[in-house]
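Please read the structure below before turning to the comments.
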Amino acid sequence: MMFGFDTVVMDTDGNKIIDSRAVLDTLSPSMKRRMERIIDIDSAAGEFESYPLYQAGREIGAIGVRQMKRIGSIDNKEAIFKKRGEEFLLISFIIAGGGALFLSVFFTLFLSMPLKKMRKAVDAMAGGNFSVRLPVGSGDEIGSLSESFNFMAEALEREEALRKHLTSNITHELRTPLTIMKANVEAMIDGVISDQEGGLGNIRVEVENLIRLIEGIEDITRAEASFFTGKDYTRINLPEFLSGIVSRMAPLAAEKGLESKLVTKKTVNALADRYKLETIIRNLLSNAIKYTGTGGIGIDYGIRKQMLFIRITDSGHGIPEDRTDLVFKKFYRGDDSNGTGIGLAIVKELAEVMGGRIDLESAPGEGSVFTIWLPVQTWI
Ligand SMILES: Nc1ncnc2c1ncn2[C@@H]1O[C@H](COP(=O)(O)OP(=O)(O)OP(=O)(O)O)[C@@H](O)[C@H]1O
Ligand SMILES: [Mg+2]
């Protein structure tokens, strides 16, 4: 009926079983009224076109149809139905197309974002920033690539830190012998050192120190082993060793009108890394000279509680209590310093490499006492 056909269903003998009118009469009055606004059964005229009905291959009757007059609204409904259909199709296309577009953009971003991040990280690393790391979220190829990248970045960062550490230590240690040599040469020129031979001897020792330092650097490049961490023990006559250092640095002290002297003279033979110990003493002495205005510097040594100590006492401006730890930190320097602030960091590191430590007692305005302690078993 909805398609504008008056319909009748008949049995095989051609008797009517049900027709459109009978169906219409079974509807509720309101539904019937609505249907009658769409179709007009009375307008149907002429013969029914008959089509046989089958069930499981057996003919059970026939259905007859004939055209009814279609009331205008049915055409409207059809048009609306068609329009809705077209709209539905269009919307479906838009949704499907939009979805596909969204998915392709999403996957492109999903894949390209980590790659972009990776490129940025590589650029940063090429610029010398070795602290960059990539997030390792996924367990896929990109995740494992990020992991490898982070591993490489970590290794490079460690290498870079070691390189910086060594460069700054070496630079610092190159400066000390040169400063001592300069002071000795100037003292000889000015006639402050009358003993030319002694002055030249001091310079020769410092030249040897420089050569040893260069050899140390060569060792590092050769074996990548830090000469700041290796140990090279030799037998040392302590009073001789210390007075040698004091005498070579005497012109530096004299420039400031200071006197530095070895207070103890007792015999102690030691088994120690000569170069490391000399580096420690020279750093402490050069600080004592730098940060002392008047008075002098004394050095003494001895054995106490199974430890060997070497003590450097000055009458300088001292170090406030809240800075006694700070001064050993790398690059910390006081307002009065024109250095790099790594001397005491080197001293601490070398003392620890030899299994020892460094102590500091200081009274501002009165002076400082730096004591280096080394395990006695390394001494005979
Ligand atoms: N004997 C001392 N008396 C007073 N202050 C000292 C003494 N030794 C060190 N200091 C303080 O500790 C700081 C750190 O000393 P450190 O030797 O590490 O560096 P620096 O002497 O400043 O520079 P450099 O790298 O040339 O040695 C100094 O800047 C100074 O303020
Ligand atoms: Mg210093």
When we measure straight from the Cα of K256, which lysines land under 26 angstrom away, once same-chain ones fewer than 8 places off are left out?
-> K182, K265, K290
Have a look at F149, M68, V136 and report the one farthest towards the positive end of the charge dipole of the stretch 20-174, computed about the Cα centre with Cβ charges (Lys/Arg +1, Asp/Glu -1).
-> M68
Under a 10 Å cutoff between Cα atoms, tell me which one of F102, F370, F149 has the largest fluctuation in the Gaussian network model of the chain.
-> F102
How large is the dipole of the stretch 1-126 about the Cα centre if only Lys and Arg carry +1 and Asp and Glu carry -1, each at its Cβ, rounded to the nearest 20 debye?
-> 1120 debye
The local net charge around E321, scoring Lys/Arg +1 and Asp/Glu -1 for residues other than E321 whose Cβ lies under 13 Å from its Cβ, equals -3
Under 10 Å from the Cβ of V205, count the other residues' Cβ atoms, weight Lys and Arg +1, Asp and Glu -1, and hand me the total.
-> -1
Unit Cα scatterers, Debye sum, the stretch 267-343: log10 I(q)/I(0) for q = 0.18, 0.22 Å⁻¹ | -0.89, -1.18
Using the Kirkwood radius over Cα pairs, work out the Stokes-Einstein diffusion coefficient for the stretch 5-70 at 37 °C and 0.692 mPa s, in µm²/s as a whole number.
-> 256 µm²/s
Relative contact order (%) - the stretch 5-70, alpha-carbon pairs under 8 angstrom, separation at least six | 43 percent
For the chain, whose charge dipole is built from +1 on Lys and Arg Cβ atoms and -1 on Asp and Glu Cβ atoms, the candidate among S112, A124, G334 with its Cα farthest towards the positive end is G334
Relative contact order, percent, the chain [alpha-carbon distance under 8 Å, six or more residues apart] | 9 percent
Could I have the simple spin-label model distance between I211 and E197, label points 7 Å from Cα toward Cβ, reported in nm to one decimal?
-> 2.1 nm
Can you check how the C-alpha radius of gyration of the chain compares to 2.2 N^0.38 Å, as a plain ratio?
-> 2.40
If one builds a Gaussian network model of the chain from Cα atoms under 10 Å apart, the most fluctuating residue listed among P320, P364, P29 is P29
Got the relative contact order for the stretch 161-378 handy, in percent, Cα pairs under 8 Å and 6 or more residues apart?
-> 17 percent
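For the stretch 161-378, state the average projected area of the convex hull of the C-alpha atoms over all orientations, rounded to one decimal in nm².
Numbers: hull surface 48.3 nm².
With every direction weighted equally, the projected area is 12.1 nm².
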Would you work out the charge dipole size for the stretch 226-374 about its Cα centre, treating the Cβ of every Lys and Arg as +1 and the Cβ of every Asp and Glu as -1, and quote it to the nearest 20 debye?
-> 500 debye
Which of the lysines could be linked to K69 by a straight reach, that is with a Cα gap under 26 Å, when you skip same-chain ones fewer than 8 residues away?
-> K16, K32, K77, K82, K83
Helical mean residue ellipticity (222 nm; -39500 (n - 2.57) per DSSP H run of 4+; nearest 500) of the chain = -18000 deg cm²/dmol
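Hey, what D do you get for the stretch 39-175 in µm²/s if you plug the Kirkwood alpha-carbon radius into Stokes-Einstein at 20 °C and 1.002 mPa s?
Values: Rh = 23.6 Å.
This corresponds to a translational diffusion coefficient of 91 µm²/s.
Values in this text are rule-based calculations from the coordinates and carry no lab data. What you see is a predicted model; the values in this text were computed from it and never measured. Quick reminder, even Gly has a Cβ in these numbers, built from the backbone with ideal geometry, and neighbours come from all protein chains shown.
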